[in-house]
Amino acid sequence: MHIRNIHKKTFVCISVIASLLSSCVMDFETNVHFKNCTNDTLFVGVSSYNNIDSAYCLLKPLLWYNEDSRLYNNKDYCLWNDNHAGEKKIYPDSVGLIIESMLFDRNHTDTCFFFLLRNEDVKNHSWDEIRNQKLYGVWIITKNKDGKYKRNIKKEDIITY
């Protein structure tokens, strides 16, 4: 009798665990790589609008990718003053990452704006100076009909003011 109760409890436990595991929905995000083909170390802000203040996240270096939900949930959060922003430099000839859904799905658009700030300018100027003097470039990517878009940040594709 005692062995039968143990088998019943084991069966119930396994059934509950199997039920819980099968109810989980696996939702995998696709990371997109962008290569910095410039000679500059960059901070790269991402937005659905052509306005640097609307940037909602920064590309992260390939070796430092830790999504921080504060970026998307706190209206008072200033992306450019993030304590970890210094760790999000994209060095020349290196790769930055972002979750693909962050590029186009936020506003159901086929265009995304990247705001490129040179490390030298970030170190030597205040945020207000960077904005007012437009010490940044804009790189615009657009999905084609096949869903493809540029992935190499090249100097000749950057709009400067």
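The values are calculated or read from the model by the stated rules, or taken from the named source; none is laboratory data. What you see is a predicted model; the values in this text were computed from it and never measured. Note: ideal-geometry Cβ built from the backbone for every residue, glycine included; neighbour counts use all protein chains shown. Calculation scope for accessible area: heavy atoms of the full protein, side chains included, ligands and nucleic acids excluded. Shrake-Rupley method; radii C 1.70, N 1.55, O 1.52, S 1.80 Å.
Close amide H contacts of CYS57 (hydrogens built in the peptide plane, cut-off under 5 Å, sequence separation of 5 or more or a different chain): VAL46. Exposure check, 1.4 Å probe, all protein chains in place: LYS35 carries approximately 70 Å² of accessible surface.
Which of the pairs LYS35/LYS89; LYS35/LYS134; LYS88/LYS145; LYS35/LYS60 have their Cα atoms more than 20 Å apart in this structure?
Details: LYS35/LYS89 12 Å; LYS35/LYS134 23 Å; LYS88/LYS145 31 Å; LYS35/LYS60 11 Å.
The pairs that break the limit, which is 20 Å between Cα atoms, are LYS35/LYS134; LYS88/LYS145.
For LYS150 and ASP53, what is the calculated FRET efficiency with R₀ set at 30 Å and r taken between the beta-carbons, to the nearest 0.05? Once the sixth-power term is evaluated, E becomes 0.80. Accessible area per residue was computed with a 1.4 Å probe on protein heavy atoms; ARG151 scores about 100 Å². Gain on full extension, evaluated as 0.36 nm per residue between LYS9 and THR142 minus their Cα-Cα distance, stands at 42.2 nm.
Solvent-accessible surface (1.4 Å probe) assigned to GLU129 amounts to roughly 70 Å².
Pop the C-beta distance of ASP157 and LEU62 into the FRET formula with R0 = 22 Å and round what comes out to the nearest 0.05.
Values: r = 21 Å, r/R0 = 0.94.
The formula returns an efficiency of 0.60 here.
Within the accessible surface of the stretch 114-161, defined with a 1.4 Å probe on protein heavy atoms only, the carbon and sulfur portion equals 43 percent.
Summing +1 for each Lys or Arg and -1 for each Asp or Glu among the other residues whose beta-carbon sits under 11 angstrom from that of ILE52 gives +1.
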